[in-house]
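Novice: I have a structure I would like to understand better, so I am pasting it below and will then ask my questions one at a time.
Please treat every number below as a calculation from the coordinates, not as lab data. Since this is a predicted model, take the numbers as computed values, not measurements. Note that we place each Cβ from the backbone using ideal geometry, even for glycine, and neighbour counts take in every protein chain shown.
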Amino acid sequence: MPKYSAEQMYESAMAHYNNGDKPTAILQMQEALALKPDYDQAWNNRGNFLLQVGNAFDAVLNYERAITIRDAPEYHNNRGAALAELNRWPEAEMAYREATKRRPKFEHALTNLGNVLKLMDRVPEARKVYEEAIEANKDYVDAHLNLSFAALEQGDFTVGWREYEWRWKSNQLPPRGLPLPEWRGTNLQDQQGLILYAEQGMGDALQFSRYASLIKEKFGGRVYVEVRPALARIMRTLKNIDGVVPFGDAVPADAQFCCPLMTCPLIFGTQVETIPATRQYLWADPHRVDSFTKEIAKLPKNFLIGVCWAGENRLGNPGASAIDRRRSTTLAALSPLAVIPGISWVSLQKGPPSEQIKAPPRGMTILDCMDDCDDWYDTAALIQHLDMVISVDTSVAHLAAALGKPTWILSRKDACWRWMGDRRDSPWYPTVTHYRMKSQNDWEGLIGEVSADLREVVKAHHTNVRAA
């Protein structure tokens, strides 16, 4: 007789998983299956464990085994999630449809179906499915949040900003927790302080910080912006605000209200036509700009382009990490740009991907001063020397655009909602040109498109220089 039953091994595996010991959980779930090969819950949860550790291919096989034992809607839904992780989106769509066929008001599967439809650029269909999920469960947070992204991408800002407030009920975004009442657009007295706090990534903070000056102008009071320390110095260049508070510092004594930065568009009733899209609202410090002059002078006197090819990888968040992998490329992938004559390159890349500079593409002369950039204030000073920035969809692109630099953004096929689908321009940034993949992971095709356009820009630049 075995020492433990299959059910006991299953419970032990679940306990280990819930305590964060995923390797032991996987092994014990396998032991439960050895004792009871037709244990469908164990096959399903082993698939869940494998998916969580990044083994989506084997997770699919486990879900399929569970389905052969019991044709449960949850198992089809989970299979869809694993297929989506593998970028097998049409198969994922069918799996989610199988789940909803078995349970028509399965809000989780409906939302996942909407997500994969959106990945396949079928945003109107996705939006209808999110609405179905909300009809099934009006309090289902993920459906509301994903509906907001679909609406914002379509330019329906009335629905988009309203639904985006559901982010605070998502487990992915805990509330800031300041001991202050939430401000919702009332006029402020002269000595009443308002903390506008950054809530998500640094790119989001850079993009939506533009509202701080507008709030001061329209509602009065004393307006402060709270951001990560790396953003504090560059945020102090915002016009007409009363101060910047780095996270961890005490809030000003006169602070009486708080508001998340990304709620500001809702308060202003922002529509596509009314986005406050000034050419520049952040500024580089002239003295810090001068500090890079000697290094920049070492480059040939060419068209100067700053380049960033990878975003930060948020490894602690599986969903965000999957997006990070799709939005990032390699320096080597930019080789078609390296052979365009008349360009000198400046790295704007931080983190492990910067190691790729040691072996740049053939023909690329690239300067790396990023060790001298301690924060975004320093990076802004470096960008000020450039004629253009080419970046994947990460914070560098937002900084360059907020500084008013011509900025070309290279986006994955499932581009972020803020770039509004296939729009080449951006209603948020007058100097942005947005390049979006035609098919998933087609960096070669995207870089080819950029290369053709860049040749014309560089040619025109050198023609103008000679004429001058």
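Novice: Sort 335-343, 242-250 by packing, meaning the average of other beta carbons within 10 Å per residue, with the highest value first.
Specialist: Listed from highest to lowest mean packing, they are 335-343, 242-250.
Novice: Another one. Give me the mean projected area, in nm² to one decimal, of the convex hull enclosing the Cα positions of the stretch 188-274.
Specialist: 5.4 nm²
Novice: Hey, another quick one. Assign one of three labels to the stretch 6-169, namely rounded, prolate or oblate, based on the Cα gyration tensor with a ≥ b ≥ c the square roots of its eigenvalues; rounded applies when a/c is under 1.5, prolate when it is not and a/b is larger than b/c, and oblate otherwise.
Specialist: Prolate is the answer for the stretch 6-169, as a/c is 1.5 or above and a/b outweighs b/c.
Novice: For the chain, how big is the tail of P(r) above 30 Å, as a whole percent of Cα pairs?
Specialist: Roughly 54 percent, rounded to a whole number.
Novice: Calculate the length of the line joining the C-alpha centroid of the stretch 390-422 to that of the stretch 331-377, in whole Å.
Specialist: Here the answer is 18 Å between Cα centres.
Novice: Ok, one more. In debye, nearest 20: dipole of the chain around its Cα centre with unit charges on the Cβ of K, R (+) and D, E (-)?
Specialist: Value, rounded to 20: 780 debye.
Novice: Hey, another quick one. Please sort by residue number the chymotrypsin sites (Phe, Trp or Tyr not before Pro) in the stretch 346-428 whose DSSP state is loop and whose Cβ has at most 10 other Cβ atoms within 10 Å.
Specialist: Sparse-neighbourhood loop chymotrypsin sites (Phe, Trp or Tyr not before Pro): none present.
Novice: What share of Cα pairs, in percent, lie more than 18 angstrom apart in the stretch 246-397?
Specialist: 68 percent
Novice: At 222 nm, what helix-only mean residue ellipticity would the chain give, in deg cm²/dmol to the nearest 500, using -39500 (n - 2.57) for each DSSP H run of four or more?
Specialist: Value at 222 nm, helices only: -14000 deg cm²/dmol.
Novice: Send over the per residue convex hull volume for the stretch 150-306, Cα only, as a whole number of Å³.
Specialist: Taking the convex hull of the Cα positions in the stretch 150-306, it is 159 Å³ per residue.
Novice: By Kyte-Doolittle mean hydropathy of at least 0.5 and Cα axial length of at least 27 Å, which whole DSSP H helices of the chain are selected?
Specialist: none
Novice: Run the numbers for ALA277 and ARG70: contour at 0.36 nm per residue of separation, minus the present Cα-Cα distance, in nm.
Specialist: Full extension from ALA277 to ARG70 adds 69.1 nm.
Novice: Pick out, from TRP376, GLY448, PRO286, the residue whose Cα sits farthest towards the positive end of the charge dipole of the chain, with +1 on the Cβ of Lys and Arg and -1 on the Cβ of Asp and Glu.
Specialist: Toward the positive end, the furthest listed residue is GLY448.
Novice: Between the alpha-carbon centers of the stretch 7-28 and the stretch 429-462, tell me the distance in whole angstrom.
Specialist: 48 Å
Novice: Also: Roughly what would the spin-label model give for VAL465 and LYS358, points 7 Å off Cα along C-beta, in nm?
Specialist: Placing both labels 7 Å along Cα→Cβ, they lie 3.2 nm apart.
Novice: By how many nm would the segment from ASP21 to VAL289 lengthen if fully extended, with 0.36 nm per residue of separation less the alpha-carbon distance?
Specialist: That pair, ASP21 and VAL289, stretches by 91.6 nm at full extension.
Novice: Among the trypsin sites (Lys or Arg not before Pro) within the stretch 73-154, which fall in a DSSP loop and have no more than 10 other Cβ atoms within 10 Å of their own Cβ?
Specialist: Passing both the DSSP loop test and the Cβ count: LYS138.
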